[in-house]
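> Starting off with a structure, shown below.
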Amino acid sequence: MWQTWVFTASHQRDSSRPEHVFEMRWKKYSGNNHLDIIYALRCIADDYLFVRNGQLHVKSQDCFTRWQNIRGRISTLPVKVLIAHENNVVLEPSLSYPHNQLMQDYIHTEGLNECHMHLNGYRYPEECWLDALYDLKAYRKMIVARLKSDRNMQEMYKLVNPFLTPSRQYSRLRLALYLRHFLLALGEMQTETDMLKSCKKAYEDYQLFTINPYKSLLPCFVSNNLKYLSSLHSEIRLWKQLFRKLEQYESCRPEISFLAQLYLLILNEFIQLNRHNECNKGFAPFDKACSHPRVGIGSDKYYKSVFKSILRVSQAGFKNSIEVRLTPGSVVKNGTKLMKWWEKCSKQVKRGPSPRLILVGHFIKEKAPEQPRNTTFTHPDHSKLCLKCIKQADELATFTRTIAAHNKIPIGLDAANSEMNAPAEVFAPAFRHFEHRSHSPYKTFHCGEDFLHLISGIRAVSEAVHFLQLENGNRVGHATAIGIDPSLWMKSMPSYVVISRGEWLLNMLFAWNELSSSLSDELKKIERDAIQQATVIFATSDVPLDIHTLKHFYYARQLMLHMVHCKMRGTPCPDFSSFVKREMELVKAYEVEHGKSGLKILDDWHYDKKVKQRASELIEVKTNEIPEPCLVALQQSVQRLLKQKNVIIECPLVSNLRISQYVDVEQHHLLRWLGIGNYVKDGDEKMDVCLGSDDPGIFVTDIQNEYQHLYNLLEKANVTKDDIMNIIRHVGHTSRVFSFNDPVISAQDTFLKRLSFYEGY
């Protein structure tokens, strides 16, 4: 049974290896050690970890990426406890990094700024595991509630184990809780007789449980202090005393080892439901991991634990800033409480002037509602999401102008989740409204992270800058599309890409506008393709579909659709508030400057059923339909735009490795952005970059881990140590200077003065 399970997992991870590789390793392992858990854990520990000056480190930069991959598949805590136990080292529940005195000195001296971190994604799966075990009813309730409506979660179960169901997992968690208390109780047993008796009883209970999973299991509680039992320190204690007992009592070793491995298997299965590992690429697997319920998220206990961890890892001082992202509703509801917790935790950890906590409210890029079954089109309707975000922006702006301004708390704005759900244009009115009402200049936007076609990703970054009016000191999150090598992207994709006709039209219009200074044959081809797609989509339109009219339609998409619709149909606005009036003024200004044609096409695009049906039609496009030189030119055009506007890129390295098409950190586009050696292409711009950890619990990282990976990346690129540290200092400086760190200040009304979004063409 063990061999079958291990073989299946090994084959899924790397099916390219011949089976004899696994067979020989298994023979060596099972033949010499009889499935002993200590030997299994030591095999991993010896390959990756060592102790230096009482601290646990990853052995080398070379194996750091592999260690990162291991973290995504299993709990590494038992591995670390074993080597700590054998070396008599006190272990703290934190990540391990390679030993690097240069980095340690820099972090200790300067501290680290966190520029891209989702607060509710911080909790590590081992902590979620304990929360779930000690509140099984709440965990089960959350599972049942989400399974009914969340397909992502259903798919995640099947990815981890085709036979895994929520009910089976719940049964296994009940068994794991029993086993955990049995393993904890071993520490209280002093004689071999007691050990053997307890092992026999636990094994009999396990066998009965396999026959009847609904059988009641009554664990022997070793403590009434549930608060301690549900902490990672108790998990460290469990493994430490287990290893001690295995060394003391040889006769009990096979039984204890079996039960401990069973506990570890259930734990690792749970962890794979909560983590995004290197085996699954794209945003969807990440979304699936996010869908898994996490008991305790949002509680005071959670924030206290997370804040202390952030402060310890970042070693942030008074000149540093830590930005955390929550939904606008959470910022409004919990903002004041979070600041109080932050100050309290800062005093406990730092015992000095605390770093600044910055709150960033991020809209959720929700999918458009499903169309009724009797309709044949799937063109998304984001009107409800647009109105919802405007309302949230209004509430957040009120909080910013009152409570946040009084307490000098900087508040920023963002939008997150899959960019395939909703583009930048949906959020443009809400961004304008927030900036107008709050006078807060702090804006960022997730874009160019995951995309159907590389042009779609490049376009997403450009539209974020133009449509959301990002400028000096604003930022974009990820922007992978303007950094990844187009040849690498093409190699990782099939020969044809399935994409909607409407999205391909927008891609061609974007490409034509960005490359319009060129008179190449490729530009003429792009124009023909755009006209062809537009002719099909707007077949019944009486507007002439020339390339310039289509260009006006393309850029008009940042206007509020309700206002465009009212203007084109001659109907009164639904609301005569100052916000509506301002939005209508933008529509009128656009009409004066560019005429009605573009607005008419935009109105049909969203409100004409036949147009929507044709725009939603799926077509196949050659992956190399637009040749590599043109893709590079498009990337560089957007790079220049960001440099011109002084917009900074937030780069979470580990997150990029998981979501993008990269196999190894050496392929990461950050080297290209930093202007390192052969990674740079002629015409590239050096980009200003700051680092972030994104969702530390799901990607098993933190801000120090991100900087360690940056060092590793530069070292593998044969950059000298002096230059590596100069680059790291520059990135750290950029992260500090361009954090949303200034107190909220008053500003004049610039709403109508900022029609500069027209200058995109």
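> Taking 56 Å as R0, compute the FRET efficiency from the Cβ-Cβ separation of L488 and S251 and round it to 0.05.
0.50
> Please give the net charge around F363, taking every other residue with its beta carbon less than 9 angstrom from that of F363, where Lys and Arg add +1 and Asp and Glu add -1.
0
> Using the number of other C-beta atoms within 10 angstrom as an exposure proxy, rank T165, T193 with the fewest first.
Arranged by neighbour count, lowest to highest, T165, T193 become T193, T165.
> Give me the extension gain from D664 to N212: residue separation times 0.36 nm, minus the current Cα-Cα distance, reported in nm with one decimal.
Taking 0.36 nm per residue and subtracting the Cα distance, the gain is 158.2 nm.
> Where in the stretch 263-357 are there chymotrypsin sites (Phe, Trp or Tyr not before Pro) that are in a DSSP coil and have at most 16 other Cβ atoms within 10 angstrom of their Cβ? Let's see the in-between values first.
Working: sites: Y263, F270, F283, F286, Y302, Y303, F307, F318, W341, W342; in loops: F318.
Those that pass, being in a loop and sparsely packed, are F318.
> If you add up the charges near R275, with Lys and Arg at +1 and Asp and Glu at -1, over every other residue whose beta carbon is less than 9 angstrom from its beta carbon, what do you get?
Values: positive: R71, R73; negative: none.
Net charge around R275: +2.
> Okay, moving on. Full extension from H733 to N53: what is 0.36 nm times the residue separation minus their Cα-Cα distance, to one decimal in nm?
Extra length from H733 to N53 when fully extended: 241.8 nm.
> OK, next. Less than 25 Å apart at the alpha-carbon level, and either on another chain or at least 8 residues along: which lysines does that give for K59?
Once the sequence-local lysines are set aside, what remains near K59 is K28, K80, K240, K716, K721.
> Test of understanding: ordering H118, H439, H108 by Cβ neighbours within 10 Å, fewest first, what list do you get?
Going from sparsest to densest Cβ surroundings: H108, H439, H118.
> Go ahead and run the numbers for FRET between T720 and K681, Cβ-Cβ distance against an R0 of 35 Å, rounding to 0.05.
Once rounded, the FRET efficiency stands at 0.95.
> Pull up all non-local amide H partners of H446: gap of 5 or more, or a different chain, and H-to-H distance under 5 Å with H placed in the peptide plane.
Those qualifying (amide H under 5 Å, at least 5 residues apart or on another chain) are A415, G477.
> Sticking with this one: Taking the Cβ of each residue in S198, S231 as the centre, tally the other Cβ atoms inside 10 Å and list the residues starting with the fewest.
By the 10 Å Cβ count, ascending, the order reads S231, S198.
> List, in the order given, every pair from K365/K491; K384/K567; K524/K610 whose Cα-Cα distance in the structure shown is over 22 Å.
In this structure, K365/K491; K524/K610 exceed 22 Å between Cα atoms.
> Could you work out the relative contact order of the stretch 494-622? I mean the mean sequence separation of Cα pairs under 8 Å and 6+ apart, divided by the number of residues, in percent.
42
> Right, here's the next one. Can you pull out the trypsin sites (Lys or Arg not before Pro) in the stretch 77-182 that DSSP calls coil and that have at most 11 other Cβ atoms within 10 Å? Don't skip to the end; give the middle numbers.
Values: sites: K80, R123, K137, R140, K141, R146, K148, R151, K158, R168, R172, R174, R180; in loops: R123, K148.
Of the trypsin sites (Lys or Arg not before Pro), the ones in loops of the stretch 77-182 whose Cβ has at most 11 other Cβ atoms within 10 Å are K148.
> How high is the relative contact order of the chain, in percent, counting Cα pairs under 8 Å that sit 6 or more residues apart?
In percent, rounded to a whole number, it is 17.
> Taking the Cβ of D608 as the center, what net charge do the other residues with Cβ under 14 Å away carry, scoring Lys and Arg +1 and Asp and Glu -1?
Every neighbour counted, the sum reads +2.
> Across every pair of different alpha-carbon atoms, what Kirkwood hydrodynamic radius in Å does the chain reach?
Hydrodynamic radius (Kirkwood, Cα pairs) of the chain is 28.1 Å.
> Can you list which of the trypsin sites (Lys or Arg not before Pro) found in the stretch 270-336 are DSSP loop residues with at most 13 other C-beta atoms within 10 Å? Don't skip to the end; give the middle numbers.
On the way: sites: R275, K281, K288, R294, K301, K304, K308, R312, K319, R325, K333; in loops: R275, K281, R294, K319.
Those that pass, being in a loop and sparsely packed, are K319.
> Same structure, new question: How large are Rg and Dmax for the stretch 494-622 when calculated on the C-alpha trace, in angstrom?
15.9, 51
FYI, it's all coordinate maths here, none of it is from the lab. What you are looking at is a predicted structure, and each value in this text was computed from that prediction instead of being measured. With ideal geometry, Cβ positions are generated from the backbone for all residues, glycine too; neighbour counts draw on all protein chains shown.
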